[in-house]
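The values are calculated or read from the model by the stated rules, or taken from the named source; none is laboratory data. These numbers come from a predicted model, not from an experiment. Quick reminder, even Gly has a Cβ in these numbers, built from the backbone with ideal geometry, and neighbours come from all protein chains shown.
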Amino acid sequence: MAIPVQARSGNVGDRTWAWVTAIFGGLLLVVAGLILLELGRVAAPAWSHIGIVKFLFSSDWDPVQEKFGALPFIYGTLVTSAVALAIALPVSVGLALFLSEMGPRSLRTPVAYAIEVLAAIPSVIYGLWGLFVMVPWLRSPVEPFLAKTLGFLPFFQGPPIGLGYLAAGVILALMILPTVASVTIEVLKTVPPALKEGALALGATRWESIRIAVLPYARPGIIGASLLGLGRALGETMAVTMVIGNSPEIHASLFAPGYTLPAVIANEFAEATGDVHVGALAALGLVLFGITLILNAIARILVEAVARGPRGARA
Amino acid sequence: MNAFQETTVVIPPSRRMLDLQAKPVAPALRTPASAQEPPKLQVEKLDAWYGKTHALHGVNLVVPPRSVMAAIGPSGCGKSTFLRCLNRMHELIPGARAEGTLLLDGQNLLGRDVDPVSLRRRVGMVFQRPNPFPTLSIRDNVAAGLKLNGIGGNHDEIVERTLRQSALWDEVKDRLAASALSLSGGQQQRLCIARALAVEPEVLLMDEPASALDPIATAKIEDLIHELKSRYTILIVTHNMQQAARVSDQTAFFYMGDLIEVGPTEKIFTNPSEKRTEDYVTGKFG
């Protein structure tokens, strides 16, 4: 019997399904595009009033006098996210290595569950805890101790206020830890046991097999996990607003109060008067969008470079 | 239970004709004590468990130095477990344990005072699937064991020597800095053999080293085993009985956790003492 030339009638279902999924996929792009367009439209008065370069690189923020400089917020966002990642990444990798390579198996499920619980806590709760428990603890003894031991660095100088970049960074570290740790645990699960055994059979200790076989294999995945955490840190609003001190200034010291892009938008939007102020806040939103995009691109390039390994790999 | 578990017979390699490089091996001996050359490896009453599963039952055998012993048997017969006990890789599997005596040059490997990490430097291993370190170059893969064990000397020279030993040098000498993953499966496996040889082990364990390779790559690995026998004591687990017949001096037949029979390869394949061995090597089961 010849195969019929005419397509089977079931193909109608296939075609419909293809269209439905295409519409859903396209919708996402459309929504993202509309958000960008709308932000751009609202931001336009600010751009024309101040000028893009002056907006991005001046550090004066005084809505009353219609002075709008985004630099303190960009700086605050980058610094707090960097502090958060610097704390959360080593802890997450250590935690994931302990759970998947070193620690007793019986501990894995309870700890994995605890990590999930950590991720489910609303950010305002983190903020409250940060304000009432962590900030006093940072004020004394943590910040005085840091000033005494590492005070020769510009990051650890000045009065220990408690509220500031460090407080925001630490709270962000706690908040992104579940994401980074749980993704890292999943990444470590994908390391082929044969690779570890190969190292051990050469006379490697457990730590050496992790260093030579496990971590290099997992590196692209761990970078991806950090990126997910970083994305959350950049956009986190509530908890940061509660502990950063909300002052639009730039300080080298992590003890000093600062401000971040999402925090200033949340705080001022409801009370903003005049097109220029609203426009400046929308422009800050665009800047945040841009930072996330750039960091994503860098991370993607990094992941690919690392996954490719030494020269001429996977020819 | 069975007389063959208690008697261990060691007879010189039956494949001298093919084995031009082999140094003379001790003549037939009934007890190791009377041997001119003491056995490299002596296994006495080795039992192994995975949790409650009794995977190996009282295995006894003797491997003379610079010879090849093949372990054959159907899946799950305990031959891989046996191999893994020899460098204590079984300890990596949760719940696995081994009891008995495993003498390497007279020292009990299973002793509490033996450090498995140092042991594995003396007893190297090649795995079923090639497992080069994916982020390291060809050169660094071979040198990995040297660095791990803090072995000094001219690493480039050692890398070249071991790559020559593993018959890979000519194929990779122009791209030592390339990733190990740029090699074919057969080349990767020879790279893994080179990596194992670089730390100069005394015993080389091979767990079905050619089962993931095509016939040409397999033939290269088998030739390599013939070459290596002049310097190393080799134990190879294989599912391929022709391979066991081609490469080994002695063959051990495992079945359901028992060592059924061990003896010169020629005898095992042509005139085994045990009915089950005969049935297996003639393909009646397994």
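Any residue at all in region B:116-134 that is in contact with a Gly (Cβ under 9 Å, 6 or more places away or on another chain), touching a residue at least 12 places away in the same chain (Cβ under 8 Å), over 21 Å from residue B:208 (Cα atoms) and among the hydroxyl-bearing types (Ser, Thr, Tyr)? The answer is no; no qualifying residue exists. Inspect region A:261-282 for any residue being among the polar types (S, T, N, Q) and under 17 Å from the mean Cα position of the chain (by Cα) and give the result as yes or no. The answer is no; no qualifying residue exists. Look at (1) of a type outside the set (A, V, I, L, M, F, W, C); (2) assigned to a helix (DSSP H, G or I); (3) at pLDDT below 90 and you find that residue B:284 fails only one, number (2).
Kindly establish whether residue A:249 is surrounded by fewer than 22 Cβ atoms within 10 Å (Cβ to Cβ), closer than 30 Å to residue A:148 by Cβ and more than 14 Å from chain B (Cβ to nearest Cβ). Answer is yes for this residue. Taking region B:228-275, which residues are in contact (Cβ under 8 Å) with a residue 60 or more places away in the chain and assigned to a loop (DSSP other than H, G, I, E, B)? If the condition is that a residue be in contact (Cβ under 8 Å) with a residue 60 or more places away in the chain and assigned to a loop (DSSP other than H, G, I, E, B), then B:229, B:230, B:231, B:232, B:238, B:239, B:248, B:249, B:256, B:257, B:273, B:274 are the ones that fit. How many of the residues in region A:193-208 are over 15 Å from residue A:98 (Cβ atoms), surrounded by fewer than 18 Cβ atoms within 10 Å (Cβ to Cβ) and more than 7 Å from chain B (Cβ to nearest Cβ)? Qualifying residue count for the region: 1. Of all residues in region A:159-203, those that are at positive phi and touching a residue at least 12 places away in the same chain (Cβ under 8 Å) total 2. Pairing each residue of region A:33-50 that is more than 16 Å from residue A:293 (Cα to Cα) with any residue that is aromatic (Phe, Trp, Tyr) and at pLDDT below 95, provided the two are 6+ apart or on different chains, yields C-beta distances under 6 Å for A:50/A:68. Of the residues making up region B:83-91, none is more than 15 Å from residue B:207 (Cα to Cα), aliphatic (A, V, I, L, M), surrounded by fewer than 23 Cβ atoms within 10 Å (Cβ to Cβ) and within 14 Å of chain A (Cβ to nearest Cβ). The numbered conditions (1) more than 21 Å from the chain's Cα centre (by Cα); (2) at pLDDT 90 or above are all true for residue B:153 except (2). Among the candidates B:110, B:119, the residue that is under 30 Å from residue A:106 (Cβ atoms), aliphatic (A, V, I, L, M) and either in contact with a Lys or Arg (Cβ under 6 Å, 6 or more places away or on another chain) or in a helix (DSSP H, G or I) (or both) is uniquely B:119. Summed over region B:126-177, the residues that are in contact with a helix residue (DSSP H, G or I) (Cβ under 9 Å, 6 or more places away or on another chain) and part of a helix (DSSP H, G or I) give a count of 25.
Restricting attention to region B:167-183 and to residues that are within 24 Å of the chain's Cα centre (by Cα), at pLDDT 90 or above and more than 11 Å from every other protein chain (Cβ to nearest Cβ), the residue that is surrounded by the most Cβ atoms within 10 Å (Cβ to Cβ) turns out to be B:168.
Those residues that are polar (S, T, N, Q) and in contact with a Leu (Cβ under 7 Å, 6 or more places away or on another chain), I need them from region A:34-75; list them, please.
Within region A:34-75, A:58, A:59 qualify.
The residues of region B:120-133 include none that are surrounded by fewer than 21 Cβ atoms within 10 Å (Cβ to Cβ) and of a type in the set (A, V, I, L, M). Go over the candidates A:190, A:184, A:179, A:149 one by one and state the one that is more than 25 Å from the chain's Cα centre (by Cα) and either β-branched (Val, Ile, Thr) or buried (at least 21 other Cβ atoms within 10 Å of the Cβ) (or both). A:149 is the lone residue from the list that is more than 25 Å from the chain's Cα centre (by Cα) and either β-branched (Val, Ile, Thr) or buried (at least 21 other Cβ atoms within 10 Å of the Cβ) (or both).
In region B:92-107, the residue that is surrounded by the most Cβ atoms within 10 Å (Cβ to Cβ) out of those that are in a loop (DSSP other than H, G, I, E, B) and on the phi > 0 side of the Ramachandran plot is B:105.
Of the residues making up region A:296-315, those that are within 12 Å of chain B (Cβ to nearest Cβ) and either surrounded by 15 or more Cβ atoms within 10 Å (Cβ to Cβ) or at pLDDT below 70 (or both) are A:306, A:307, A:308, A:309, A:310, A:311, A:312, A:313, A:314, A:315.
Only residues that are over 29 Å from residue B:74 (Cβ atoms) and either outside any loop (DSSP other than H, G, I, E, B) or away from chain A (no Cβ under 11 Å) (or both): list them for region B:185-199, please. The answer is B:187, B:191, B:194, B:195, B:197, B:198.
Could you tell me whether residue A:137 is more than 30 Å from residue B:133 (Cβ to Cβ) and either out of contact with any strand residue (DSSP E or B) (no Cβ under 9 Å at 6 or more places or on another chain) or within 14 Å of another protein chain (Cβ to nearest Cβ) (or both)? It is true that residue A:137 is more than 30 Å from residue B:133 (Cβ to Cβ) and either out of contact with any strand residue (DSSP E or B) (no Cβ under 9 Å at 6 or more places or on another chain) or within 14 Å of another protein chain (Cβ to nearest Cβ) (or both). Looking at A:232, A:211, just one residue is surrounded by fewer than 18 Cβ atoms within 10 Å (Cβ to Cβ), at pLDDT 90 or above and basic (Lys, Arg), and that residue is A:211.
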